[in-house]
Amino acid sequence: AQTVTQSQPEMSVQEAETVTLSCTYDTSESNYYLFWYKQPPSRQMILVIRQEAYKQQNATENRFSVNFQKAAKSFSLKISDSQLGDTAMYFCAFRDSSNTGKLIFGQGTTLQVKP
Amino acid sequence: DTAVSQTPKYLVTQMGNDKSIKCEQNLGHDTMYWYKQDSKKFLKIMFSYNNKELIINETVPNRFSPKSPDKAHLNLHINSLELGDSAVYFCASSQGPGGHYEQYFGPGTRLTVT
């Protein structure tokens, strides 16, 4: 069974600095998808970034980028130039490529951006 | 325009009652989901429907019954509510059931059972 682990329950960063959130996963699949979701206090789930396992190039979306290490089964999220609006809970998630695959979430990391 | 909407946003009810949560998406998607987020913020899938057919049915008490009257709607009915059912329930939709499709989440329904 696939599992997703986020080992940092809470993190904080000063505004404008860079922070990296860690995520590891376990799977025997060769093709799959990885995601980072953001859940601000409003509780809305927002997709931040996604990575396709067969693509070696790390995904980037503006200030958000990932470090995808397939062999190590690691998928960390880097947030550059942190903003107060980045304060939220961040979830790493795994999905296999099948039509009946489930989106499996990690435990979440609460990120506090301090002014 | 709200892409995925849920009603109600908050629901407070007593143990033993039966309640429903409604979900509608206006994205033209074929696939819809229900997730449960518990008090520790852990998110887990409950059900998924594709073109009104059940494709994922996690280990969920049979007091929970999803119903999809059409592709745009997926409702969740809960019988004989228990204290442990208190959680936030999220509906989501995607263009198709494959893993490469982005899932769009609704705003969530906070259910409190007293």
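Results, tabulated for the structure shown:
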{"quantity": "Qualifying residue in the range A:31-46 (condition: farther than 25 Å from A:Ser12 by Cβ, out of contact with any helix residue (DSSP H, G or I) (no Cβ under 9 Å at 6 or more places or on another chain) and not aromatic (Phe, Trp, Tyr))", "calculated": "yes"}
{"quantity": "Count of residues meeting criterion [among the charged types (D, E, K, R) and surrounded by fewer than 19 Cβ atoms within 10 Å (Cβ to Cβ)] in the range A:64-101", "calculated": "4"}
{"quantity": "Some residue of the range A:95-114 being away from chain B (no Cβ under 11 Å), on the phi > 0 side of the Ramachandran plot and out of contact with any helix residue (DSSP H, G or I) (no Cβ under 6 Å at 6 or more places or on another chain)", "calculated": "no"}
{"quantity": "Hits in the range B:20-69 (condition: under 22 Å from B:Glu102 (Cβ atoms) and in a loop (DSSP other than H, G, I, E, B))", "calculated": "B:Asn26, B:Leu27, B:Gly28, B:His29, B:Asp30, B:Lys41, B:Phe42, B:Asn51, B:Lys52, B:Glu58"}
{"quantity": "Filter result for the condition that a residue is open to solvent by 60 Å² or more (accessible area, probe 1.4 Å) and free of Cβ contacts under 8 Å to residues at least 60 places away in the same chain, over A:Glu52, A:Glu15, A:Glu10, A:Glu61", "calculated": "A:Glu61"}
{"quantity": "Subset of the range A:21-49 (residues that are open to solvent by 60 Å² or more (accessible area, probe 1.4 Å) and touching a Lys or Arg at 6+ places or on another chain (Cβ under 7 Å))", "calculated": "A:Thr24, A:Asp26, A:Ile46"}
{"quantity": "Any hit, the range B:79-89, residues being on the phi < 0 side of the Ramachandran plot, at pLDDT 95 or above and among the aromatic types (Phe, Trp, Tyr)", "calculated": "yes"}
{"quantity": "Residues located in the range B:79-114, provided they are open to solvent by 50 Å² or more (accessible area, probe 1.4 Å), closer than 15 Å to B:Tyr10 by Cβ and within 13 Å of chain A (Cβ to nearest Cβ)", "calculated": "B:Arg110"}
{"quantity": "Members of the range B:41-68 found to be open to solvent by 80 Å² or more (accessible area, probe 1.4 Å) and either away from chain A (no Cβ under 14 Å) or within 20 Å of B:Tyr10 (Cβ to Cβ) (or both), listed by number", "calculated": "B:Lys41, B:Lys52, B:Asn62, B:Lys67"}
{"quantity": "Of residues in the range A:18-40 being without any contact (Cβ under 8 Å) to a residue 60 or more places away in the chain and not small (Gly, Ala, Ser), the one farthest from the other protein chains (Cβ to nearest Cβ)", "calculated": "A:Thr20"}
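One line per residue, one yes/no per condition, for (1) within 27 Å of B:Glu58 (Cβ to Cβ); (2) touching a Ser or Thr at 6+ places or on another chain (Cβ under 8 Å):
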{"residue": "A:Gln2", "(1), (2)": "yes, yes"}
{"residue": "A:Ser12", "(1), (2)": "no, no"}
{"residue": "A:Glu17", "(1), (2)": "no, yes"}
{"residue": "A:Leu21", "(1), (2)": "yes, yes"}
{"residue": "A:Gln39", "(1), (2)": "yes, no"}
{"residue": "A:Leu77", "(1), (2)": "yes, yes"}
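The values are calculated or read from the model by the stated rules, or taken from the named source; none is laboratory data. Remember, it's a predicted structure, so these values are computed and weren't measured experimentally. For neighbour counting, all protein chains shown are included, and Cβ atoms are generated from backbone atoms with ideal geometry for every residue, glycine included. We work out accessible area using only protein heavy atoms, side chains counted, and drop any ligands, DNA or RNA first. Shrake-Rupley method; radii C 1.70, N 1.55, O 1.52, S 1.80 Å.
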